[in-house]
Amino acid sequence: MNTIKMGNDEFILYCRKNGHGINKTTDQLGRLIWEWIRDKANGRQIENNKECLWGQNANNVSPTGLPYTATQFEFDRNKLPDLYDYLDTL
């Protein structure tokens, strides 16, 4: 299996930029994304609470915006298209 390492912050940013999951908090989105990666892409958590590149003082960090920290995952990279299809349904 060819794996990739990516974080919840990247997927939450994608959702926020594209108007997906607007009725969900950042924590709720993070949980849904993790469960999908775990169940559908043979994923595992490799780091919790890693500070996001935009930092804690960014204007859009909030419970309904972007996270300050995010869990990082390693998972099957071939599942990325399916993951983004899932994100589009949120």
Rounded to the nearest 10 degrees, what's the angle between the helix 8-17 long axis and the longest principal axis of the chain, both from Cα atoms, 0 to 90?
60 degrees
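If the only charges are +1 at each Lys and Arg Cβ and -1 at each Asp and Glu Cβ, what is the size of the charge dipole of the chain around the Cα centre, to the nearest 20 debye?
Numbers: 11 positive and 12 negative charges, 6 e Å.
I would put it at about 20 debye.
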Ranked by how many other beta carbons lie within 10 Å on average, peptides 13-22, 69-78 from highest
69-78, 13-22
Considering only protein heavy atoms, what per residue accessible area in square angstrom results for the chain with a 1.4 angstrom probe?
60 Å²
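Considering only DSSP beta bridges whose two residues both sit in the chain, what percent are antiparallel, to the nearest 5? All intermediate terms of the calculation are to be shown ahead of the outcome.
Numbers: 10 of 11 bridges.
For the chain, the DSSP antiparallel bridge percentage is about 90.
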Report the Cα-based extents of the chain along its three principal axes, largest first, to the nearest Å.
38, 26, 16
Over the chain: helical MRE at 222 nm, DSSP H runs n ≥ 4 each giving -39500 (n - 2.57), nearest 500
-11000 deg cm²/dmol
For the chain, the longest principal axis of the Cα atoms and the Cα long axis of helix 26-40 enclose an angle in degrees, to the nearest 10, of 0 degrees
On the protein heavy atoms, probe 1.4 angstrom, tell me the percent of accessible surface of the chain carried by carbon and sulfur.
43 percent
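The values are calculated or read from the model by the stated rules, or taken from the named source; none is laboratory data. Here the structure is a predicted model, which is why all the values come from computation and not from measurement. As a convention, Cβ positions derive from the backbone with ideal geometry for all residues, glycine included, and neighbour counts pool all protein chains shown. For accessibility, only protein heavy atoms count, side chains too; no ligands or nucleic acids. Shrake-Rupley method; radii C 1.70, N 1.55, O 1.52, S 1.80 Å.
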